[in-house]
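These notes are about the structure you will find just below.
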Amino acid sequence: MGLVIGMTVGDTTLGTTVANLGMSDVRFPKPVFHGDTVRTRTTVISTRRSKSRSDAGIVEFEHVGLNQRGEQVAVCRRAALMKTKPV
């Protein structure tokens, strides 16, 4: 799971994450074997402004790790507190 989430940072959250708030629905539907190639897909599930911080919002992501055959090998939902643009 660390590999799957880590691969998405450059495209999704680099320099904007204030804090990771947690993961849920963590699953490993298929095993990963030596020699497998893993790629990731991230979907933004929801966004909302933080009630306690005017400069941040909460984003929920779904991260999916896929092997070279397109089979899901890791899935999770992650909530993160992210910097926002000023209003």
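Quick note: the coordinates plus some simple rules give every number you see, no bench work behind them. Since we're looking at a predicted model, the values are computed, not measured. Because the Cβ atoms are built from the backbone with ideal geometry, glycine has one as well, and the counts that use them run over all protein chains shown.
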Review point. Going by the conditions given, is THR37 under 19 Å from GLY2 (Cβ atoms), among the polar types (S, T, N, Q) and surrounded by 11 or more Cβ atoms within 10 Å (Cβ to Cβ)?
Key: no
Revision key, fill the gap. Of the residues in segment 1-33, those that are loosely packed, with under 11 Cβ neighbours inside 10 Å, of a type outside the set (Gly, Ala, Ser) and part of a strand (DSSP E or B) come to ASP25
Point to revise | Unmet criterion (only one of (1) at negative phi; (2) touching a Cys at 6+ places or on another chain (Cβ under 8 Å)) for ASP25 | key: (1)
Check your understanding: For the subset of segment 59-78 comprising residues that are more than 15 Å from THR8 (Cα to Cα) and in contact (Cβ under 8 Å) with a residue 40 or more places away in the chain, which member is surrounded by the most Cβ atoms within 10 Å (Cβ to Cβ)?
Key -> VAL73
Study note, to complete from the structure: If we keep only residues of segment 34-54 that are in a loop (DSSP other than H, G, I, E, B) and within 30 Å of GLN72 (Cβ to Cβ), then the residue nearest to the chain's Cα centre (by Cα) is VAL38
